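The values are calculated or read from the model by the stated rules, or taken from the named source; none is laboratory data. Just so you know, these numbers come straight off a predicted model, no measurement behind them. Here the Cβ positions follow ideal geometry from the backbone for every residue, glycine too, while neighbour counts run over all protein chains shown. The protein model used for the area step is the full one, side chains on, heavy atoms only, and it has no ligands, DNA or RNA in it. Shrake-Rupley method; radii C 1.70, N 1.55, O 1.52, S 1.80 Å.
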Amino acid sequence: MRIKFLVAAVAITFAVPAQAQTQIQWWHSMTGALGEALDGLATKFNASQKEYKVNAIYKGSYPESMTAAIAAFRAKNPPHILQVFEVGTATMMAAKGAIIPISKVMSDAKEPFNPKDYLPTVTGYYSDLKGNMLSFPFNSSTALFYIDRNKFKKAGLPPVPPKTWKELIAAAEKLKASGQDCVYTSGWPSWVHIENFSAWHDVPIGTKQNGMGGFDTEFRINSPLHVRHVAMLGDMVKKGLFTYAGRTNQADAKFQSGECAMATISAGALGGTIKAAKTDWELSFLPYHDDVKGAPQNSIIGGASLWVMAGRKPAEYKGVAKFLAFLSQPQIQMDWHTSTGYVPITKASYELTRQSGFYDKNPGRDTAVRQLTNKAPTDNSKGLRFGNFVQGREVIEEEMESVFAGKKDAQTAMNDAAKRGNEILRKFQAANK
């Protein structure tokens, strides 16, 4: 009888299931090779411990995933982590009660976290005026200048990237004269020629520290320098020195295919450029106007960050904090940086990559970090925070296109861009008092 009781007890013991892992939902907007790299991060974290499991779930484009997350929050079932593009920062900040600042998440979980460990231009973009980080920097990039050295040599030019806009135009004229059809192209017109341009020349894009000081900000994109630059681009279009490709990354393919000799596109386009193997590429800092005092300053980031959504169980946020701490590890960041082309977000990961010899073996791959850290960020160059800036960008790009098409002069177009953009800002301000 006693033996039967022991057997039954043992059977009951083995029948008790192991403690289930806490599930962490991570909604993102990455596809293709980048999506695979992102999935790899979740897999590595899950294999590193047994208490939590991160589920990386593709939820469509950035606007689509934001809309889905808002709907899920209202239904009281939001993801724990949401990837949001940088222009959505102000919108997420205004979603009071829907998000938890990353600084609080890490502090509550007692996970190691120091904003000073991150690159200043990265933390500045995603922090409030008190220096508290609101979201976790993830896929960060910046705009860079690419040239095809073979095309420069063919035109009788030294295969060296021009440093200033004067030098770029002079090179463009010689490239054009040599028979080169597409001389210069650019992606993301607002991001490159307004947002990064402003930071690179240390001039404001808006009041209130580019919107970081409050929602009652106003655009300053119709300043003499902005008008002069847009007018210059319009003149280059007329002369056949600038081939406008479109509002997003259409210029990437024009350079990567060997069609264009010069391009200002994202650092994130480097992977595709290398894979295409059609150009003898070289990376450089963005061109600048050398008569502007203080230029060049530093560029600003693009890409996206990770926001922690409110409305989940307190114990689950310990897993979120542990995962974000994992993503900050120098080795993890170095692997992400070297495999994707995105910027390593911490100083330690950048230094580890440098010490590994990666930059010696791959010249130019540190250009983005060096440009972002060219000088200590100022109020004009630490980033921007405008409400509904997805719409704001569309307005700016629409007005720039009117100049490229010869429909408006630069002053009128940029005045209209500022006026229309400010109307969008006022609507956002009124809705988020």
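Before moving on, here are some points about what is shown:
Each row is one residue, and each column tells you yes or no for (1) at pLDDT below 90; (2) within 16 Å of Leu306 (Cβ to Cβ); (3) in a strand (DSSP E or B).
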| position | (1), (2), (3) |
| --- | --- |
| Ala90 | yes, no, no |
| Glu111 | no, yes, no |
| Thr123 | yes, yes, no |
| Leu129 | yes, no, no |
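- The single condition from (1) touching a residue at least 40 places away in the same chain (Cβ under 8 Å); (2) open to solvent by less than 10 Å² (accessible area, probe 1.4 Å) that Ser349 fails is (1).
- Pairs linking a residue in region 173-185 that is closer than 16 Å to Lys238 by Cβ to a residue that is among the small types (Gly, Ala, Ser) and part of a loop (DSSP other than H, G, I, E, B), with Cβ atoms under 7 Å and 6 or more positions apart or on different chains, are Lys176/Gly240; Thr185/Ala245.
- Boolean, Phe152 is assigned to a helix (DSSP H, G or I), modelled with pLDDT of 95 or more and out of contact with any Cys (no Cβ under 9 Å at 6 or more places or on another chain): yes
- Every residue from region 244-278 that is among the β-branched types (Val, Ile, Thr), open to solvent by less than 60 Å² (accessible area, probe 1.4 Å) and modelled with pLDDT under 95: Thr248, Thr273
- Inspection of region 294-312 identifies no residue that is surrounded by fewer than 19 Cβ atoms within 10 Å (Cβ to Cβ) and within 20 Å of Trp188 (Cα to Cα).
- Residues of region 145-158 classified as surrounded by fewer than 21 Cβ atoms within 10 Å (Cβ to Cβ), farther than 30 Å from Leu119 by Cβ and within 31 Å of the chain's Cα centre (by Cα), total: 1
- Within region 173-192, tally of residues that are part of a helix (DSSP H, G or I), aliphatic (A, V, I, L, M) and open to solvent by less than 30 Å² (accessible area, probe 1.4 Å): 2
- Candidate set: region 396-417, residues that are part of a helix (DSSP H, G or I) and over 14 Å from Ile221 (Cα atoms); chosen: the one most open to solvent (accessible area, probe 1.4 Å): Glu401
- Filtered residue count, region 117-144, keeping only those that are of a type outside the set (Ser, Thr, Tyr) and open to solvent by less than 10 Å² (accessible area, probe 1.4 Å): 9
- Out of Leu241, Leu225, sole residue that is at pLDDT 95 or above, not in a helix (DSSP H, G or I) and not small (Gly, Ala, Ser): Leu241
- Selection status of Ala42, open to solvent by 60 Å² or more (accessible area, probe 1.4 Å) and touching a helix residue (DSSP H, G or I) at 6+ places or on another chain (Cβ under 9 Å): no
- Residue in region 49-62 that is farther than 28 Å from Gly211 by Cβ, basic (Lys, Arg) and touching a strand residue (DSSP E or B) at 6+ places or on another chain (Cβ under 8 Å) present: yes
- Residue within region 56-64 that is open to solvent by less than 30 Å² (accessible area, probe 1.4 Å), closer than 21 Å to Phe386 by Cβ, modelled with pLDDT of 90 or more and not β-branched (Val, Ile, Thr) present: no
- Of all residues in region 245-262, those satisfying the criterion of being closer than 21 Å to Thr142 by Cβ and either over 18 Å from the mean Cα position of the chain (by Cα) or hydroxyl-bearing (Ser, Thr, Tyr) (or both) are Ala245, Gly246, Thr248, Ala253, Lys254, Phe255, Gln256, Cys260, Met262.
- Leading residue by the ranking (farthest from Glu394 (Cα to Cα)) among those in region 193-222 that are of a type in the set (Gly, Ala, Ser) and part of a helix (DSSP H, G or I): Ala199
- Close pairs (8 angstrom Cβ cut-off, 6 or more residues apart or separate chains): without any contact (Cβ under 8 Å) to a residue 40 or more places away in the chain in region 292-310, part of a strand (DSSP E or B) and not β-branched (Val, Ile, Thr) anywhere: none
- Being part of a helix (DSSP H, G or I), in contact (Cβ under 8 Å) with a residue 12 or more places away in the chain, over 26 Å from Trp188 (Cβ atoms) and small (Gly, Ala, Ser) is a condition met by no residue of region 57-71.
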